[in-house]
Structures are given as C-alpha cells and as structure tokens.
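Values in this text are rule-based calculations from the coordinates and carry no lab data. Quick caveat, the model's predicted, so the values are computed rather than measured. We place every Cβ from the backbone using ideal geometry, glycine too, and count neighbours over all the protein chains shown.
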Amino acid sequence: MPVAAIPAGDPFEALGDPNRREILRLLGEGDKAVSELAEAMPISRPAVSRHLRLLRHAGLVTEQAEGTRRIYHLHEQGLQAVQTYLERVWGDVAIRFRLLADNTEEGTDK
C-alpha cells in the first residue's frame, strides 16, 4: 500500500524546480524506483532522493516499499488539487478576457 503523507509543503514551490518537474514527468510514464529515476537524470541518486522527499511532502508523489526498494508513484489527489487551482485561476482569467473582448468595439482607431 502506498505511503501518502499529509501534504506539509507547498506544491507550487515543489513545482518550481526543473529537476522535480522532470521527476514528475518520468513518473507520469509509470512507477519508478529512485535508481531508475537517477539513471534518467543528470543529477545524483541522493539528489533525486531529496527531490522525491520534497515532492512527497508537497503531496505530489507517494511511495511504496517493495523489499529494500521504494517505488514512487504520482499522487493523483495532490496533482488534482494543483490542476483544480490552476483551472480556477485561469478559468477566471479566460472569463474576464472574454468579457473584455466582447465589450471592446472593433475597428476603432484612437
């Protein structure tokens, strides 16, 4: 059973690092162990572990023990929360833009 910690970190802060975004992209292709992630990245295995710890604390990944290995998975609830937030923010922006566009006179030269 995956270990899902209560998010203590800010998912947007976690997403601010390109290595962590790459880890999420790789996990989007399927569950992976730390060693598999480290092989696919230009950073050390300990660095990958630190990034995974931060992503786990932000609620974006979970881990599952398989023998001596830890297998990491995307945490759907954490990612869904980020997506919902972005859709709400960008949805509001899109609505305001449409209102502005609909209420702007075309062909006026000033």
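By the beta-carbon count within 10 Å of each Cβ, the least crowded to most crowded order of VAL61, VAL82, VAL93, fewest first, is VAL93, VAL82, VAL61.
R0 = 30 Å: FRET efficiency of SER44 with HIS73, Cβ-based, nearest 0.05? Don't jump to the answer; show the numbers that get you there.
Details: r = 22 Å, r/R0 = 0.74.
Once rounded, the FRET efficiency stands at 0.85.
Here the gap between ALA101 and ARG25, fully extended at 0.36 nm per residue and compared with their Cα-Cα distance, gives a gain of 23.8 nm. Rounded to the nearest whole angstrom, the semi-axes of the ellipsoid equivalent to the chain, taken from the Cα gyration tensor as √(5λ), stand at 39, 15, 11, largest first.
Which number comes out as Rg/Rh for the range 11-75 once both Rg and the Kirkwood Rh are worked out on C-alpha atoms? With Rg and the Kirkwood Rh in hand, the quotient comes to 0.92.
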